[in-house]
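Below is one structure, written out as structure tokens; the observations come after it.
The values are calculated or read from the model by the stated rules, or taken from the named source; none is laboratory data. In this text, all values refer to a predicted model and were calculated from it rather than measured experimentally. Cβ placement follows ideal geometry from the backbone for every residue including glycine, while neighbour counts extend to all protein chains displayed. Please note that ligands, DNA and RNA were not included when accessible areas were found on the heavy atoms of the full protein model with its side chains. Shrake-Rupley method; radii C 1.70, N 1.55, O 1.52, S 1.80 Å.
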Amino acid sequence: MKCDLHVHSYFSGACTTPFARKFCRESYSDPDEVYDVLRRRGMSLFTLTDHDSIEGAEKLRRHPDFFVSVELTCRMPSGTEAHIGVYDVSERQHTQLMQRRNDLVALLMYLTERRLFFSINHVFSSLTGPRKLEDFLWFEKYFPAVETRNSHMLERANEHAAHLARKWNKIAIGGSDAHALPSVGAAYAEVPGARDKEEFFAGLRSGMGRVAGESGSFTKLTRDVFLIAGEMMREKCWTALMSPLAVLIPAITYLNYYDENKFWRHWAAKILGEPEGRKRPRWIAVPQPAAEEWV
């Protein structure tokens, strides 16, 4: 069985970028369209992981192969933020999770008591802001799973996440982190031989799962940002006045990956003992994602 364990829809709410949050959403993908794309791309179980919301699940509950999940924005004891994927939850459990998401100890106690499956997402990404060393100690001690394949993280960041999962003996999961339909299902987790949701999660917990799919690239992220901007202008026609600013999107995505590259190099050096900088130029014989080459 295959399942994209990290995918967003219209119900992920407003964009987190300070200026754009006033008029742009994280995603404009309709849940029914997300489901259809996932089915066409070979998924056999389906979920949404919208930011702090399960509202999008209402449109998909009729499908017997769908289950409710959420990506919680959690406040760490250090004061930083982290994104935690929590899978197969009820409405009551979601309410309880939201009440505890700014108190990590209470959240972890609830997740453990209810035997809910959860993961730390994009662990080597600057997406949620700064990271502190003590955050990684919490991840190591209390989180059962690490997202090791994210279709918007650069290949090296995913490789380091996989290294981290092996080092900590954690369950590896995968998901597209798609905010636009073309990326839906681009990465996923699979459990060979599983026949239903219960066997899928039992397989993940017992170490029988594996991750597959793509990593991120400058081209793919730029495409998705253009698509989100286009949907924004369709929903709020007045934002078309900002269309000349679209020429800046490639520069913005490049700067994003530049920042991401610095982030994973710094924390890979601290947590995994990887060198923070290259000792000599790296000559390659196969194409690499454009942003990874440039930065």
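Solvent-accessible surface of region 4-76, taken per residue with a 1.4 Å probe and all protein chains present: 40 Å². Solvent-accessible area assigned to carbon and sulfur over the chain amounts to 55 percent, based on a 1.4 Å probe.
The alpha-carbon of residue 2 sits under 16 angstrom from the alpha-carbons of these aspartates and glutamates, leaving out residues fewer than 8 places away in its chain: 36, 65, 88, 147, 177, 190, 196, 198, 199, 214. Over the C-alpha trace of region 134-230, radius of gyration and Dmax come out as 14.8, 43 angstrom. Please work out the Cα center distance from region 205-269 to region 14-44, rounded to the nearest Å. With region 205-269 and region 14-44 each reduced to a Cα centre, they are spaced 13 Å. Restricting the trypsin sites (Lys or Arg not before Pro) of region 173-208 to loop positions (DSSP other than H, G, I, E, B) with no more than 12 neighbouring Cβ atoms within 10 Å leaves 195.
Looking at region 92-163, the accessible area is 44 square angstrom per residue; that uses a 1.4 Å probe and ignores ligands, DNA and RNA.
Label separation (residue 238 vs residue 255): 2.5 nm, computed from points 7 Å beyond Cα along the C-beta direction. With all protein chains kept in place, the per residue accessible area of region 170-248 amounts to 48 square angstrom at a probe of 1.4 angstrom.
Length, then width, then depth: along the principal axes, the Cα atoms of the chain run 50, 48, 38 Å. Taking the chain as a Gaussian network of alpha-carbon nodes connected by springs under 10 Å, the highest mean-square fluctuation of the residues 138, 168, 238 belongs to 238.
Semi-axes of the equivalent ellipsoid for region 174-254, computed as √(5λ) from the eigenvalues of its C-alpha gyration tensor and ordered from largest down, come to 37, 14, 7 Å. For the pair residue 63 and residue 223, a Förster radius of 25 Å applied to the C-beta separation gives a FRET efficiency near 0.35, rounded to the nearest 0.05. Suppose a student asked you for the relative contact order of the chain, using Cα pairs under 8 Å spaced at least 6 residues apart; what percent would you report? The value is 18 percent. For the peptides 245-254, 44-53, 20-29, the ranking by packing is 44-53, 20-29, 245-254, with the highest mean count of neighbouring Cβ atoms within 10 Å listed first.
3J(HN,Hα) along region 166-171, derived from phi through the Karplus expression 6.51 cos²θ - 1.76 cosθ + 1.60 where θ = phi - 60°, amounts to 5, 4, 8, 6, 9, 6 Hz, with x in place of Gly and Pro. For the residue pairs 141/262; 170/262; 197/220; 22/270; 59/170, the alpha carbons lie more than 28 Å apart in 197/220; 22/270; 59/170.
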